[in-house]
Amino acid sequence: MHVALIQPNVPHSPDEDILGTFPPVGLAWLAGNTQGHTCEVIDLRVGLLPRKAWDVVGISCHTVSVEEAARVAKQVRAECGDPVIVTGGHHALPQELLKFSDCVVRGEGEITFSELLTCLEQKKPYSMVPGVLSRTGFAPQRPPADLATLLPPDYTTMSLSQYHPNQGTLVTSRGCPYHCVFCVSPFGHIWRGRTPSQVGQEASYLLEGGAPMLHIMDDLFTYHKERVLSICTRFTELDCAWDLPNGTRVDSVDIDMLSVMAEAGCIRILYGIESGVQHILDSIRKEITLEQIKSAVSMSKEAGIEVEGLFMVGNPGDTPDTIRKTVDFIKNIDIKGHFSLATPYPGTAFWHWVEKHGTFLDVPYRDFEQVPVFETPQFSAQDRTHLLKWASQECR
């Protein structure tokens, strides 16, 4: 079967505009596990939709891209024959996706999508494939995948050079055992890692293909110390530079690990810190302390690794005063701070907190993270926008 996997275009943050576009690794991973079919990845962030006839079109859909995914589906039906349209991604309300697609792949899609294609090819009903939601019902949820058993991403389905200098992007683990209120938990709460050998092989492939360095996009790369040290052995052999731009936890590192990471080529870590005020960290269930933040930053610098932090404006309990204190904290530990708007996504504990303590504003999904989607009596939408700009300028 001829399959297209489409990444819709979505709004970019100022940081994303500066850092550039990263390859859609998830779609490459999906393609790599659809053996026996012809797959191509089409990224509408960097190109246009070709007029071709496909048997199946898969559209990646997160909350911010729901409206754009619907537009793409309409264009596909008008210009690309009559394919089966499948959606998947991290949007928590899959029934909304059925308004413009034939079925939805829930959770991790590699095995589910492969089985779905087999059913379509054999003209068998697919409504009972585990993990598939169709108009006739929802089959049982599929458990999290054993990453060591998955085939690697197929990067031949896209031109990596169009993502320069970010073509060396890879994911080595999925899942996070923590329960931060804002997180959509895209891969569940069971942490799973690929083997160091698999990571080394993929890293070697990307570097040989011209990647200037590696960007590890895991949510929690540093969760398993022995695995990190083993991966570092592979990276040392490859003599490459690499970083963690997607963030990791400050309580998951120690000086021994950081020293080995630095020796293996790690040049930068972004920590997911979120706030510099302890009661705000407690309110979002971050399960870290200010002392742990200071310690991780100090150890990272001691190891010779550049440190930056990820922060949010508008967490539960935030006020203009807590944002000013957070900026003071960032200056005190002397790191660069990246700020974004705290955004409650449907289905999260944050969403339910806003229902009780705040007021939702009439904001379409495509504008989530771009503008405030709620406000509280203590922190207006106007103040959130102003302080986001101020804090970003103060902590560059």
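See the values below:
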quantity	calculated
Share, in percent, of DSSP beta bridges within the chain that are antiparallel, nearest 5	20 percent
Candidates A28, A139, A262, ranked by Gaussian network fluctuation over the chain, Cα under 10 Å, top entry	A139
Proxy reagent accessibility, fewest Cβ within 10 Å first, across C232, C266	C232, C266
Angle in degrees between helix 225-238 and the longest Cα principal axis of the chain, rounded to the nearest 10	80 degrees
Taking T157, T34, T118 and counting other C-beta atoms within 10 Å, the order from fewest to most	T118, T157, T34
Gaussian network model of the chain, springs between alpha carbon atoms under 10 Å - residue of T172, T195, T248 with greatest fluctuation	T195
Rounded to 10°, Cα long-axis angle of helix 320-333 versus longest principal axis of the chain	80 degrees
Segment 186-229 pair-distance distribution - Cα-Cα, 10 Å bins, rounded %	23, 49, 25, 2
Stretchable slack from H12 to E306, in nm (0.36 nm times residue separation minus alpha-carbon distance)	103.4 nm
Once the Cα gyration tensor of segment 88-172 is diagonalised, semi-axes √(5λ) in Å	27, 15, 14
Helix-only CD estimate at 222 nm, as mean residue ellipticity for the chain, using -39500 (n - 2.57) per DSSP H run (n ≥ 4)	-10500 deg cm²/dmol
Along principal axes, Cα extents of segment 168-394, largest first, whole Å	55, 34, 29
Lysine pairs with alpha-carbon atoms under 19 Å apart, segment 168-394, spacing 8 or more or separate chains	12
Distance histogram in 10 Å bins (all Cα pairs of segment 96-144, percent per bin)	29, 60, 11
Among P11, V105, Y205 the positive-end extreme of the charge dipole of the chain (Cβ point charges)	V105
Ranked W29, W242, criterion: other C-beta atoms within 10 Å, fewest first	W29, W242
Value in Å of the Kirkwood radius, where segment 226-266 supplies the Cα pairs that are averaged	10.5 Å
Intensity falloff of the chain expressed as log10 I(q)/I(0), Debye formula with alpha-carbon point scatterers, at q = 0.06, 0.15 Å⁻¹	-0.24, -1.50
Residue with peak Gaussian network fluctuation, the chain [Cα springs, cutoff 10 Å], from R77, R384, R249	R77
Total formal charge among the other residues, if their Cβ is under 15 angstrom from that of W351, Lys/Arg +1 and Asp/Glu -1	-2
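Taken together, the values in this text are just the output of simple stated rules run on the coordinates, not laboratory data. All of these numbers come straight from a predicted model, not from anything done at the bench. Note that we place each Cβ from the backbone using ideal geometry, even for glycine, and neighbour counts take in every protein chain shown.
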